[in-house]
Amino acid sequence: MALNLTETWEHTLDAIRNWARINSPWAIHYNSGSCNGCDIEILATLTPRYDLERFGVKLQGSPRHADVLICTGPVTLQSRDRLKRIYEQMPEPKFVVAVGSCATSGGAFQGCYNVVGHIDQVIPVNAYIPGCPPRPEAIIDGVVKLLQSLQPKKAPSQAPHADAEESAPVEESAA
């Protein structure tokens, strides 16, 4: 059996990339037209009291360096093209988190003349965090669940069978 070094090397590099992506995601925040309630809660998650950085999440200023796009607010006509542009500038693989009622369903702004709708009507969304505004704990929980979903699934291990289990079943006698 020949060892294929190319496949082994590529598999190892993919494992390292995935490990780094899960343990050190860089996020960018975009407000597409909300009331700023969700923005304040996102900023609160970055403070030492809640400390989102303990999970390796770093707020980044450039979409070209970000892995996760955190969106708040409904998408307005004015912000639709900007949101698409930011999403397209992010390198693959990229993930989107919709934070708040407005981002997930349009919220209080649904049906307004200048509102296109919620985030997933413009770009694909990977995680939804409901609330108006959601608490910092909910935002942290949503981001952590997104990161956990990126971990590779482990194959279930087969339990070793004892010799007694492999023998023929014992018939019960009627008393």
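The values are calculated or read from the model by the stated rules, or taken from the named source; none is laboratory data. Predicted model, so just to flag it, every value in this text is computed and none were measured. Using ideal geometry, Cβ is built from the backbone for each residue, glycine included, and neighbour counts are taken over all protein chains shown. Accessible surface areas use protein heavy atoms only, side chains included; no ligands, DNA or RNA. Shrake-Rupley method; radii C 1.70, N 1.55, O 1.52, S 1.80 Å.
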query: Going through segment 38-49 one residue at a time, which ones are farther than 20 Å from Val125 by Cα and open to solvent by 40 Å² or more (accessible area, probe 1.4 Å)?
result: Ile40, Leu43, Leu46, Thr47, Pro48, Arg49
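Every residue in segment 20-37 that is at pLDDT below 80 and either surrounded by fewer than 19 Cβ atoms within 10 Å (Cβ to Cβ) or not in a loop (DSSP other than H, G, I, E, B) (or both), please. Spell out how you get there, then give the answer.
In the first step, residues of segment 20-37 are kept if they are at pLDDT below 80; the result is 20-24, 34.
Across segment 20-37, the qualifying residues are Ala20, Arg21, Ile22, Asn23, Ser24.
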query: Can you pull out the residues in segment 54-64 that are modelled with pLDDT of 85 or more and in a helix (DSSP H, G or I)?
result: Pro63, Arg64
statement: Going through segment 1-40 in order, the residues found to be among the charged types (D, E, K, R) and under 23 Å from the mean Cα position of the chain (by Cα) are Asp14, Arg17, Arg21, Asp39
